[in-house]
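Here is the structure we will look at.
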Protein chains: 2
Amino acid sequence: MALIVQKYGGTSVGNPEKIKAVAERVLGYSRQGHEMVVVLSAMSGETDRLITLANSVQDQPDTREMDVLLSTGEQVTISLFAMAVKTAGYDAISFLGDQIKIRTSSMHTKARIQSVDTDKVKGHLAQGRIVVVAGFQGVDENGDITTLGRGGSDTTAVALAAALKADQCEIFTDVDGVYTTDPNICTSARKIERISYDEMLELASLGAKVLDIRSVGLAKRYKVPLHVRSTFVETEGTWVVEEDKAMESMLVSGVTYNKNEARLTISRVPDKPGIASRIFMPISDAGIVVDMIIQNTRAGDLTDMTFTVPRTDYKKALEILKKVAADIGAEDISCADDIAKVSIVGVGMRNHSGIASTMFHVLANEGINIMMISTSEIKVSCVIEEKYTELAVRALHEAFALDKKDTQ
Amino acid sequence: MALIVQKYGGTSVGNPEKIKAVAERVLGYSRQGHEMVVVLSAMSGETDRLITLANSVQDQPDTREMDVLLSTGEQVTISLFAMAVKTAGYDAISFLGDQIKIRTSSMHTKARIQSVDTDKVKGHLAQGRIVVVAGFQGVDENGDITTLGRGGSDTTAVALAAALKADQCEIFTDVDGVYTTDPNICTSARKIERISYDEMLELASLGAKVLDIRSVGLAKRYKVPLHVRSTFVETEGTWVVEEDKAMESMLVSGVTYNKNEARLTISRVPDKPGIASRIFMPISDAGIVVDMIIQNTRAGDLTDMTFTVPRTDYKKALEILKKVAADIGAEDISCADDIAKVSIVGVGMRNHSGIASTMFHVLANEGINIMMISTSEIKVSCVIEEKYTELAVRALHEAFALDKKDTQ
């Protein structure tokens, strides 16, 4: 008998029939004697509907009121879900974020969970009820409703699992797990059975959109075993757990890519102390998040600075850079938005040399030019021309034999 | 400078454009220096949409969860309204029932307000904000969301006005006031300028559906001046206020009718103590509300009992009555669902004799037979054949000169 927290996303509870189906699935666990806490998202499409309403009233909706508005989405789902459980003859009770004191920061629309009061949840579990919790929302110290941003329901589930010391936290979604790479571009992509928190963090941030990255960090901190799986099939998905020896023996766990960035280069910058700050301060002041930064020193006290930004911020960043270039006496600006970042991730890299050079060799063999390189302890990323993305992913997936090996 | 509570119904805030229009209207009062508290209903159609969702999951939706579901309707409206005020360059803040501690009983879907904490509202008013409150909802002592039943937003507004000691409470709806009778059947119906709480209570319960009756009772208890008016025109509506001399000089304030009842008669009942109880206990046990009851004594210790029930409960009541008739030895049952109740209401009746007999005379003159009569201090009701309803209403309206006189 275990205490299990399960989270079902918007597509899993997209209409009354799906809600009833999910209720049946949860009851399967209850009948086995497990204590069940269910975290739900808004029905798919509902959040977008509410955002459209808000935008039709205020161009840049007030964030406090936006949270009052958006939090209704999950409120609808939890009440319907509790009704569905009761229809099946079992007992359930729904709770909003503020009713079980999911206390957050006051940063509306992107609040962070600070604490969760588990007394009420435990009390109702002890009375044999399925406890249904609204994901995505909390309450700040003023009693104002807050929301956690897109993907926030994953974080709610992990935070609850951590606070309740649950045996596991299962994230049900419309994919059946985390794959070695995108199956849409590489047919030999294979579902990963077990992966470490750190690897998942790198994969999530690189675009494998099965899990909200904040929830993985939280799961790591509180050692919550995470299980990412499909609502629509019964098979096991991917377990995200603490690193173990088997994982370390693997060189690479996955290959990811990101086509949402653009590259900017400012050339022949006089290489003086403080120059990087003069370039990046105005960009960061404009709210633009810079990903990779590479600096090459030239002869004659000149330097080149290349960096990537989200493609949506590309034009704004370019305007800022032009102004900065004039100010600091840089000679040239070049840029491109037809780039992609391809990455390999694996905790095994820590103990194996030559992984990065294998990657460069594989790309060179395919005639793919590398524009930028960035490495971390468990990741190597290369920026290449966008048109080569699929070719690069397939070549790397094959070269590291991800289709064949078991990750354990 | 006054403190004004205004309530806008669902048709007044039925879409973003209407919400913006209402915000403009409220701002008109703010600009004049008034402190404004705005109570809002769900956008028209939203509550029905939510009920449909609930019914598709549970045949008889759990009432606690139903309240969690239904309360989202007002939550959406208040956030959008606060955004609309901000778009116009003014400040506003929205509050849910539980955020300003609208404490209610735990009777889900038909809870009653017990207390309201006004500290938060007063604080934000003092800072120059328009305070926007979700109507229809509250919170019980367990922290569970409750709702007040259809029309509950009117009650929220009056309760807030009472707690805040507001100068007035304005109920904005899609009609421009209370009329001397239904304008759809009597073209000479006239808008009443001032009416007493007691008269309004009689008119509301008799079917003039402009105001929730509980809110009128509450307004009377706390002496809150109520102003019922239209969202869509600027003219004054009807003031519901304490009785005054001018009102007492009027014989009749309004004529109403009710076509939603049915009549049942049980004849030749042995007239013994306890017989009424034996007839009405099983009917009340079945949850059927009896309106009028009339007992006539016959010769020979026999009595006839006639009463009315809501037409929707007619068949159920008839079944019960048949069983009772057999038990108590009654000789006959007759019944009809093609009846109507026509009433005249006016505080002036207290001091004027002959009002009832004028009514009987008017009906007789039109050849209308009276089946039942019931009187109160400020009301006379007659049950007649349904097909004569409009004729009776017009004749009474004319006989008491309601089209001509000013009610003041």
- Query: Any idea which of (1) in contact with a strand residue (DSSP E or B) (Cβ under 7 Å, 6 or more places away or on another chain); (2) not in a strand (DSSP E or B) is the one B:Ala262 doesn't satisfy?
  - Reply: (2)
- Could you please let me know if B:Lys259 is among the basic types (Lys, Arg), over 30 Å from B:Lys7 (Cβ atoms) and at pLDDT 90 or above? no
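Please go through segment B:280-304 and pick out each residue that is hydrophobic (A, V, I, L, M, F, W, C) and more than 29 Å from the chain's Cα centre (by Cα).
Within segment B:280-304, the first condition is being hydrophobic (A, V, I, L, M, F, W, C), and the residues that meet it are B:280-281, B:283, B:286, B:288-290, B:292-294, B:299, B:302.
Answer for segment B:280-304, where residues must be hydrophobic (A, V, I, L, M, F, W, C) and more than 29 Å from the chain's Cα centre (by Cα): B:Ala299, B:Leu302.
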- Go through segment B:94-111 residue by residue and tally those that are within 9 Å of chain A (Cβ to nearest Cβ), outside any loop (DSSP other than H, G, I, E, B) and crowded, with 24+ Cβ neighbours inside 10 Å. 1
- Message: Quick check on my filter: what residues within segment A:122-151 are aliphatic (A, V, I, L, M), in a helix (DSSP H, G or I) and free of Cβ contacts under 8 Å to residues at least 60 places away in the same chain?
- Response: A:Ala126
- Kindly establish whether B:Leu125 is in the same structural domain as B:Gly28 (by TED's automatic domain parsing), closer than 18 Å to B:Tyr29 by Cβ and not basic (Lys, Arg). yes
- Considering each residue of segment B:300-355, count those that are part of a loop (DSSP other than H, G, I, E, B), free of Cβ contacts under 8 Å to residues at least 12 places away in the same chain and under 30 Å from B:Leu201 (Cα atoms), and give that number. 2
- Residue count, segment A:52-85, condition assigned to a loop (DSSP other than H, G, I, E, B) and either facing another protein chain (nearest Cβ under 7 Å) or without any contact (Cβ under 8 Å) to a residue 12 or more places away in the chain (or both), comes to 7
- For segment B:180-253, list the helices (runs of 4 or more DSSP H) that sit wholly inside it and hold at least 2 residues that are farther than 30 Å from B:Lys20 by Cα, within 17 Å of the chain's Cα centre (by Cα) and modelled with pLDDT of 90 or more; which are they? B:197-205, B:213-221
- Which of the residues spanning segment A:305-360 are under 16 Å from A:Val289 (Cα atoms), over 24 Å from the mean Cα position of the chain (by Cα), surrounded by 14 or more Cβ atoms within 10 Å (Cβ to Cβ) and not aliphatic (A, V, I, L, M)? A:Thr306, A:Lys316
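Would you confirm whether any residue within segment A:35-43 is assigned to a helix (DSSP H, G or I), buried (at least 19 other Cβ atoms within 10 Å of the Cβ) and not polar (S, T, N, Q)?
The answer is no; no qualifying residue exists.
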- Query: Out of (1) on the phi > 0 side of the Ramachandran plot; (2) within 7 Å of chain A (Cβ to nearest Cβ), the odd one out for B:Gly89 is which?
  - Reply: (2)
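To keep it simple, each residue is scored yes or no on (1) surrounded by fewer than 17 Cβ atoms within 10 Å (Cβ to Cβ); (2) of a type outside the set (D, E, K, R).
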| residue | (1), (2) |
| --- | --- |
| B:Asp244 | yes, no |
| B:Met250 | no, yes |
| B:Thr265 | no, yes |
| B:Ser284 | yes, yes |
- Query: Can you tell which of A:Val393, A:Val345 is touching a Gly at 6+ places or on another chain (Cβ under 7 Å) and at pLDDT 90 or above?
  - Reply: A:Val345
- Task: Being on the phi < 0 side of the Ramachandran plot, at pLDDT 90 or above and in contact with a Lys or Arg (Cβ under 7 Å, 6 or more places away or on another chain) narrows it down to one of A:Ile373, A:Ile339, so name that one.
- Result: A:Ile339
- Task: Look at segment A:182-237 and say how many of its residues are out of contact with any strand residue (DSSP E or B) (no Cβ under 8 Å at 6 or more places or on another chain) and of a type in the set (Phe, Trp, Tyr).
- Result: 2
- Item | The one condition in (1) surrounded by 19 or more Cβ atoms within 10 Å (Cβ to Cβ); (2) out of contact with any helix residue (DSSP H, G or I) (no Cβ under 6 Å at 6 or more places or on another chain); (3) farther than 12 Å from B:Asp154 by Cβ that B:Val210 fails to fulfil | (3)
- Message: Can you tell me how many residues within segment B:72-108 are farther than 17 Å from B:Glu141 by Cβ and not acidic (Asp, Glu)?
- Response: 22
- Item | Conditions (1) at negative phi; (2) more than 12 Å from chain B (Cβ to nearest Cβ): number failed by A:Ala134 | (2)
- Query: Quick check, is A:Ile130 among the β-branched types (Val, Ile, Thr), surrounded by 16 or more Cβ atoms within 10 Å (Cβ to Cβ) and not assigned by TED's automatic domain parsing to the domain that holds A:His34?
  - Reply: no
- So how many residues does segment A:15-39 have that are of a type outside the set (Asp, Glu) and more than 12 Å from chain B (Cβ to nearest Cβ)? 14
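The values are calculated or read from the model by the stated rules, or taken from the named source; none is laboratory data. Here the structure is a predicted model, which is why all the values come from computation and not from measurement. Glycine also receives a Cβ, built like all others from the backbone with ideal geometry; neighbour counts cover every protein chain displayed.
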